[in-house]
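Comments concern the structure below.
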Number of protein chains: 2
Amino acid sequence: MELPDAELAVLEALWRDAPQSAEQLTMALAATRAWKLNTVKTLLARMLARGAVRHEKDGRRFLYWPVWERRTFLTQATRQLLDSFFGGKVTPLVAHLSSQRKLSAADRRALRELLDSWEQR
Amino acid sequence: MELPDAELAVLEALWRDAPQSAEQLTMALAATRAWKLNTVKTLLARMLARGAVRHEKDGRRFLYWPVWERRTFLTQATRQLLDSFFGGKVTPLVAHLSSQRKLSAADRRALRELLDSWEQR
DNA sequence: TCTTTATGCCTACACACGTAGTCTAAAGAG
DNA sequence: CTCTTTAGACTACGTGTGTAGGCATAAAGA
């Protein structure tokens, strides 16, 4: 469950909207990645080989769906961050965020609410 | 400020303990990466070229120090995770952690204390 | 039915990375 | 002073990745 950067960008576009054709994907990605249509097709072919996406024929072309799920990547990336930089513990991560002033008052309120809801369970 | 995986492993070893010689690093990394001494030397040479580490002659050999700091990587990695998966907001990240049952009672208590200390400021 | 166009498939290619061997020079041993 | 060892420098090479061009084929238009 590992994907090079370029392919991940394509998968993310599919998470945002699926299915899409190679051409639609090229346009959807144009803002961040100025890729030729052929480039996107190559990436899609590699992703098919990995099983990261699937496709179905739609007339003359293919439509692509994500297979690998966003949630899986999210979980994996979060765990990796925790393990490599925070000794696998959540509190140091949150402490770091606070020291970077990444926490707004709204964030703090939302966090309190989350904490309250867990206590109740 | 980007580093391939293998080089990052070397830098992490230097964060744990510096300075170290190429040979010491090879041994320190042996548990996780069974690299030959020459491999570690190649990695160190590339890291010197990037400016990620520096070295000083110690008799016949070199001792290596980290230049790029752990804190920088930590901040960068955290921001990247937040931006790519949680819309840049902290609360959804914490919500995800809780849904994964990654939060112990101790974590929750520590979080509450952090929140309290911020409110006071 | 013949030609044009669009779509997929295959091929290419430079550069980065992981992994290491060989060559060279300097330090220490005799 | 010569020989041996050891540490560094240079070279190498297969594979993965980013990026795309060219060829073949099927659909659409004339």
P(r) histogram, all alpha-carbon pairs of the protein assembly as shown included - 10 Å bins from 0, percent: 6, 24, 23, 25, 17, 4, 0, 0
Cα centroid separation - the range B:83-113 against the range A:58-90, whole Å: 17 Å
Quick one: in chain A, whose Cβ comes closest to the A/B rotation axis, and how close in angstrom? A:L81, 3
Starting from the range B:1-51, pick out the GluC sites (Glu not before Pro) whose DSSP state is loop and whose Cβ has at most 15 other Cβ atoms within 10 Å. B:E2
State, to one decimal in nm and shortest first, how far the label point of A:V67 sits from each corresponding label point in the other identical copies (label point: 7 angstrom along Cα-to-Cβ). 4.4
Using alpha-carbon coordinates, inclination of helix B:5-16 to the longest axis of chain B, degrees: 80 degrees
Just to be sure I understand: with springs between alpha-carbon atoms less than 10 Å apart, which residue in B:D107, B:D83, B:D58 has the highest mean-square fluctuation in the Gaussian network model of chain B? B:D107
Given a 1.4 Å probe and heavy atoms of the protein chains only, how would you sort B:V67, A:V10, largest accessible area at the top? B:V67, A:V10
Assuming a ≥ b ≥ c are the square roots of the Cα gyration tensor eigenvalues, decide whether chain B counts as rounded (a/c under 1.5), prolate (otherwise, with a/b larger than b/c) or oblate. prolate
Quote the relative contact order of chain A in percent (integer), defining contacts as alpha-carbon pairs under 8 Å separated by 6+ residues. 20 percent
Springs between alpha-carbon atoms under 10 Å, Gaussian network over chain B: tell me which of B:P92, B:P66, B:P19 tops the mean-square fluctuations. B:P92
Assume the label is 7 Å from Cα along Cα to beta carbon: what separations in nm does A:A31 have to the matching positions in the other copies? 4.6
Most fluctuating residue given options A:L44, A:L103, A:L81, as computed from a GNM of chain A linking Cα atoms under 10 Å: A:L103
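The values are calculated or read from the model by the stated rules, or taken from the named source; none is laboratory data. Nothing here was measured: the structure is a model prediction, and the numbers come from that model. FYI the Cβ positions are ideal-geometry reconstructions off the backbone, even for glycines, and counts take in every protein chain you see. Just so you know, the surface numbers come from the protein's heavy atoms only, side chains and all, with ligands and any DNA or RNA stripped out. Shrake-Rupley method; radii C 1.70, N 1.55, O 1.52, S 1.80 Å.
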